[in-house]
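Reviewing the structure listed below.
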Amino acid sequence: MRWWAGAWAVVAVLALAACGSSDGGGSASGSPSGRPSTEPSSGSTPARPSRPPSSSTPSGSAASPSPSATGCVAGRTLVTVEPGDPVQRRLCVRPGTVISLVLRPRVDDKRWTDVRSSAPVFVVVTGWRRDPDGTAHASLRCAGTRGGTAQITAPAKAPDVAGAARVAFTLDVTVTPYPREG
């Protein structure tokens, strides 16, 4: 085999490995609902495209975005949690994104108590409201320039049972900054 044929074979194998290893790639991507893990659930609408107008980086730059960062949500998004949905989801967002989290009433006797952030420096809870029908609404604001991860947990508890509320839903939020130029 000639050296250039071997080089093309290596390039093809690396390209296939890179396509298959990203979290957001593929049709099922490991999530029980069959949705890509970087997209919020049904009813979500990103307000703007996820890439800035000039997202090209110079060739040879180490700051090129990862394949999983290309599906990040920017602007505003809505994440709705229905009964029977998975208890954990992943969401990739750009800095400054506002997430509206809607927790539909549970089918058991438990009610949503509050929403907490594991890293308020990256994602902070700015609003919380529970409707009389049991639907809970939370507003989450992501960091303006920083990148990092935070777990947003939503505990639930039966109102007439003593003890602490237990986590019933977790949203893993990854804030991915835009690539820098220059």
Candidate set: region 98-113, residues that are assigned to a loop (DSSP other than H, G, I, E, B) and modelled with pLDDT under 95; chosen: the one most open to solvent (accessible area, probe 1.4 Å)
Val107
Filtering region 141-166 down to residues that are closer than 19 Å to Arg130 by Cβ, in a strand (DSSP E or B) and not β-branched (Val, Ile, Thr) yields Ala154, Pro155, Ala156, Lys157, Arg166
Check whether at least one residue in region 98-113 is among the small types (Gly, Ala, Ser) and over 16 Å from the mean Cα position of the chain (by Cα), and report yes or no.
no
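So, in region 81-97, how many residues would count as being of a type in the set (A, V, I, L, M, F, W, C), touching a Phe, Trp or Tyr at 6+ places or on another chain (Cβ under 7 Å) and surrounded by 13 or more Cβ atoms within 10 Å (Cβ to Cβ)?
1
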Residue ID - least open to solvent (accessible area, probe 1.4 Å), chosen from residues in region 114-135 that are within 26 Å of Gly163 (Cβ to Cβ) and polar (S, T, N, Q):
Thr135
Which listed residue is in a loop (DSSP other than H, G, I, E, B), closer than 19 Å to Gly75 by Cα, of a type in the set (A, V, I, L, M, F, W, C) and in contact (Cβ under 8 Å) with a residue 24 or more places away in the chain, from Val121, Val173:
Val121
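The values are calculated or read from the model by the stated rules, or taken from the named source; none is laboratory data. All values reported here derive from a predicted model rather than from experimental measurement. So basically every Cβ, Gly included, is an ideal-geometry build from the backbone, and we count neighbours across all protein chains shown. To get the accessible areas, we keep the full protein, side chains included, count just its heavy atoms, and leave off ligands, DNA and RNA. Shrake-Rupley method; radii C 1.70, N 1.55, O 1.52, S 1.80 Å.
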